[in-house]
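Every number in this text was worked out from the coordinates using simple rules, so none of it is lab data. Quick caveat, the model's predicted, so the values are computed rather than measured. Cβ: placed from backbone, ideal geometry, glycine included. Neighbour counts: every protein chain shown.
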Amino acid sequence: MFIALTLATTSSHWFLDNIFIERLWGTLKYECVYLHAWEAGSETKAAIRKWMTFYNHQRPHFALGGKPPALVYWQRNAINQPDQQVQRVA
């Protein structure tokens, strides 16, 4: 199965307009897509979903002090809204 991935740009075609999503797509391609040769679209979808869960909940991010994004999100949410019950992500 061949998957063609291209850079996404905004209508102005300026890559800095969506630099964060470009970084995510690049990381996805190098850590997941380029390492596998899936036979079916359903396999591809399941593998990318699994990788996205790993990326958000387990993978340490240097820019976040070695913490995964979900943990940082929930910690910030708890600080900003202390009166509400917050789901903890470990």
Ordered by number, the GluC sites (Glu not before Pro) in the range 28-58 that occupy a DSSP loop and have at most 13 other Cβ atoms within 10 Å are Glu39
Counting only residues 5 or more apart in sequence or on a different chain, those whose built amide H sits under 5 Å from that of Lys67 are His61
Residue by residue through the range 20-37, the couplings from Karplus 6.51 cos²θ - 1.76 cosθ + 1.60 with θ = phi - 60°, in Hz, x for Gly and Pro, are 5, 6, 4, 5, 4, 4, x, 5, 4, 4, 6, 9, 9, 4, 6, 8, 10, 10
